[in-house]
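Here the structure is laid out as structure tokens; the discussion comes afterwards.
FYI, it's all coordinate maths here, none of it is from the lab. Fair warning: this is a prediction, and the values are worked out from it, not measured in the lab. Because the Cβ atoms are built from the backbone with ideal geometry, glycine has one as well, and the counts that use them run over all protein chains shown.
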Amino acid sequence: MNTSVSNTGRLLWAGLRALLVLTLVTGVLYPLAVTGVGQALFPDRANGSEIEADGKVVGSSLIGQAYDLPPRKGQETPEPDLRWFQGRPQHGLGTNTVNTRYKLILSGATNRAADNKDLVDWVTAAKAAVVEDNSVPGYTVEPSEVPADAVTSSGSGLDPDISPAYADLQVHRVARRNGLPVDRVQKLVDDHTEGRTLGFIGEPRVNVLELNIALKALESGNRPLAPVG
């Protein structure tokens, strides 16, 4: 009996020591080491890939934002502020009243099949809106010119980038709304277009937040930010 209790005590003590050691290694030392390496070698990415404008952090290069007008009384869905370049639709995202910048609590896609009526209706309405919003005197957008990323959300719903085709499609509208020459706005898009990662991964893209910061600088008469990449 005493031997059995003694063996049990030794096993419990051995298990407790293993728990303490593993907790120290995996819960304290390893996170500190990873954090230290990240801060030393990749400080920008380790701190959230923050983007600053006018000396303030205005977002992350990894998370898309909405560029909407303040909602009117009783309006559930705010209208896009057409002075700015618009990102991808954000269907499928949860919301809360705490995070006032992104209004996100969950990331995700619509989880609808390609032939789902809701999805078809969303895409059809989004396509019509893109054509209407971006057609200005002297420049008409044809439905066939609307790229897929202009009417569909990404898998996460947080995509910060749009295709160069969608950015180009918005140039005339942005130029007109801000009283800027079309060629100057087009140059902003060209300067902020990134190629494929390592030359072969992914697709060319334009970060909408960085593009809009450069647009604001141009609109206010300041020198635009340096091109991305």
Could you calculate the contour length gain from T124 to A40, that is, 0.36 nm times the residue separation minus the distance between their Cα atoms, to one decimal place in nm? 25.4 nm
Report, to the nearest 10°, how far helix 182-191 tilts away from the longest principal axis of the Cα atoms in the chain, using its own Cα long axis and a range of 0 to 90°. 20
Between helix 117-134 and the chain, what is the angle of the helix's C-alpha long axis to the longest principal axis, kept within 0 to 90° and rounded to the nearest 10? 50
Quick one: which residues, 5+ away or cross-chain, put their amide H under 5 Å from the amide H of V58? H built at 1.01 Å from N. I51, E52, A53
Can you give the angle from 0 to 90° between the axis of helix 2-24 and the longest principal axis of the chain, with both taken from C-alpha atoms, to the nearest 10? 30
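Using a Förster radius of 45 Å, what is the FRET efficiency between V58 and A14 based on their Cβ-Cβ separation? Nearest 0.05, please.
0.25
What is the gain in length, in nm to one decimal, between R177 and F200 on full extension, counting 0.36 nm per residue of separation less the C-alpha to C-alpha distance?
4.7 nm
Suppose R0 equals 45 Å; then what is the FRET efficiency for R184 and N47 from their Cβ-Cβ distance, rounded to the nearest 0.05?
0.85
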Note: the range 110-229 at 20 °C, 1.002 mPa s; Kirkwood Rh on alpha carbon pairs; Stokes-Einstein D in µm²/s works out to 138
Would you list which lysines come within 22 Å of K56, measuring only between C-alpha atoms, while excluding same-chain residues fewer than 8 positions from it? K103, K216
Amide H of G157: which non-local residues (sequence gap of 5 or more, or other chain) have their own amide H closer than 5 Å, using H built in the peptide plane? G108
Please work out, to two decimal places, the log10 of the ratio I(q)/I(0) at q = 0.28 Å⁻¹ from a Debye calculation in which every Cα of the range 1-47 carries one identical scatterer. -0.89
With only helices counted (DSSP H, runs n ≥ 4, each -39500 (n - 2.57)), the per-residue ellipticity at 222 nm for the chain, to the nearest 500, works out to -13000 deg cm²/dmol
